[in-house]
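Worksheet: the structure to be examined is printed underneath.
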Amino acid sequence: MSGATTRTYATGAGRAPWSVEESNVNSNEMMRILDSIARDRNIEREQLIQDLEQAMVSAARKHYQTLDTEEFTCTIDRFTGEMELLRHGEPMDLSPEELGRIAAQTFKQVMIQRFRDDERQSILEEFSKRVGTIVTGTAQRYDHGALIVQVDRAEAVMLRSEQIPGEQFAPGDRVRALILDVKDMGSQVKIYLSRAHPDFIRRLFEVEVPEVAERIIEIKAMAREAGYRTKLAVSSIDSKVDAVGACVGVRGSRIKNIVDELNGEKIDIVRWNESSQILIQNALKPAEVQEISLCFELGRATVIVREDQLSLAIGKRGQNVRLAARLTGWDVDILTPEEFNKGLEIMSETLMETEGMTEELVDRLAALGMVSVFDIEEVGAEILETELEMDSETVAAIIERCSEKAKIVAEQQQKEKEEAEARRAAEQEAARRLLAGEIGDVDADTAAAAILSAGAAGGTGAETSGGEEASGSAGEPASVEPSGADEARAADILGGGPSSD
C-alpha cells in the first residue's frame with residue numbers, strides 16, 4: 001500500500017470505502033500493538049515486523065492461488081507502519097480487506113504461528129542463559145508426579161527425581177529451584193527445575209554467604225542426599241576469613257536460612273585440607289577418628305575408630321560414611337581397633353605361609369594400606385610383584401591363598417551378621433511382649449537385656465543408660481514392673497531405632 005495522496009478504493013458492494021487516512025490510523029495502532037507484544041513477550045520488534053510482511057505475502061499468494069514464492073513482496077515502514085504490497089516489483093493498489101476471507105484467515109494463521117515461534121525462540125534463548133541459576137516461581141499443579149511451576153512467562157517442570165523426598169507444594173505456593181536444563185522440543189521449550197541437585201545448595205550459599213559469591217570462600221567438594229543430609233568442604237583464600245564460621249554466620253543465621261529453605265535438611269560444613277587423611281577425618285565428624293590408613297592403589301581408606309564411636313562414624317543407615325566417601329573421593333571402611341588388628345593378623349598369617357615372605361615385607365604392604373586378605377586379593381599381581389620384588393609364580397600363590405582365606409572370612413562374617421540379626425530380633429520380640437504386659441512368658445534376663453540394649457540396637461552412637469534391675473529365677477516371672485523409661489526404651493526397640501548398617 002502506497003500513496004502520498006488520498007485514494008479511495010471500492011471494497012465490495014454494501015461496504016464502506018477504504019482510505020489512506022484510515023490506513024494511517026490502523027498502521028499507527030498496529031505499530032503500538034507490535035511494540036506492546038515486543039515488550040511483553042521479549043521479542044525483537046524487527047522480527048515481528050518481518051513476520052507480518054511474510055504473513056501478508058502468504059495471504060496474497062493464497063488469494064491469487066500461486067505457488068511462486070518470489071511473485072509477491074511486502075514491506076512495512078518501520079516508523080509509520082504503512083504497508084506496501086508488490087507483485088513482480090510493481091505496487092498493488094490492494095487493501096487487506098480485498099484479499100478475501102480465506103486469504104485473511106491465512107494471514108492470521110501465519111502471523112499467529114510466527115509470533116508463537118518467535119516467543120518460543122525467545123524463551124529458549126533467555127532460559128538457556130540462566131541454566132545453573134536459582135529462580136523463584138509459583139506452583140501450578142502436579143502432572144504424573146512432576147511439579148509444574150510458572151517461572152516468569154514460561155512454564156517449567158520439576159520431575160519427581162529432582163524433587164526433595166517428602167516435599168509437597170500446593171497451587172500458588174512459592175517455589176525456589178535451580179534451572180537444571182533447557183531443551184528445544186520442537187513445538188515447545190522444556191525448562192527443567194531441580195531442588196535435589198547439589199548445585200542448588202551451592203547457589204543458596206552464594207546467595208546467603210557473600211564471601212562465597214565473591215569467591216573468597218570456595219566450596220571445594222560437596223556430597224548430598226536430598227532431604228536428609230549434605231556435607232560441604234570449604235576453604236578460604238583469605239587467611240583472615242574463617243571459611244566454616246563465615247558459612248555458619250553469627251549464631252548460625254546464614255546456615256539457618258538455607259536449612260529453612262530445605263525444610264530442615266541437615267548440612268555439615270567441614271574444613272577442606274589437601275591432605276587426604278585430614279580431609280577424611282574432618283568429613284567423618286562428629287565421630288572421633290583414631291587412625292587412617294590409605295591405600296592409593298585401591299583408592300581405599302581404612303578408618304579406625306573406638307567402639308563407642310563406630311555407630312556415630314557410620315551414621316544412620318550408613319549415611320555419614322557414605323557422604324564422607326563421596327565428599328573425599330575415597331572408598332572408606334570403618335573398623336574398630338579389634339577388627340583392624342584381627343584383619344591384619346589374618347593377612348600376616350596367610351602371607352607368612354608363602355616361602356620367602358618376611359615380616360618386613362608384610363609391614364611394607366601394611367604401610368601401603370593393604371591391611372586385609374581382601375586388599376591383597378583385589379590389588380592385583382603387578383603391584384605385588386613390584387612392591388614385594390617377587391616372581392610372578394610366587395605372587396600368584398600369594399593371591400590364591402589370600403583369595404581362599406577371604407572366602408572363609410567372608411562366610412564367617414556373614415554368619416556373625418546373621419547371628420547378630422537373630423539376637424536383635426529376639427530382643428525386639430522380648431521388648432514387644434514386655435510392653436504388652438506378657439512379662440511372665442519372657443525370661444527375666446532376656447527382658448532386661450532387651451531394655452538395656454535399646455540404645456545399642458538403635459545404632460545412634462549415644463551412650464546406653466542402665467535399666468532397672470530385674471530379679472527372678474529361670475521359669476519364674478520377673479518381679480519388676482516396667483517403668484516409663486523402660487517402656488520408652490522398649491518402644492524404641494519396636495520402632496527399630498535409627499539404623500547404622
Compute the signed sum of charges (Lys and Arg +1, Asp and Glu -1) over the other residues within less than 10 Å, Cβ to Cβ, of Ser403.
-1
So Ala170 and Thr66, fully extended at 0.36 nm per residue minus their Cα-Cα distance, gain in nm 32.0 nm
Using 0.36 nm per residue of separation minus the Cα-Cα distance, give me the extension gain between Ser235 and Glu419 in nm, one decimal.
61.7 nm
Unsatisfied cross-links (Cα-Cα over 27 Å) in the set Lys256/Lys285; Lys231/Lys417; Lys190/Lys266; Lys231/Lys405
Lys231/Lys417; Lys190/Lys266; Lys231/Lys405
What are the lysines whose alpha-carbon lies under 23 Å from the alpha-carbon of Lys108, with same-chain residues fewer than 8 places away excluded?
Lys62
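Since every read-out is calculated from the coordinates, none of them should be taken as a lab result. Fair warning: this is a prediction, and the values are worked out from it, not measured in the lab. Methodologically, a virtual Cβ is constructed for each residue, glycine included, from the backbone with ideal geometry; neighbour enumeration extends over all protein chains shown.
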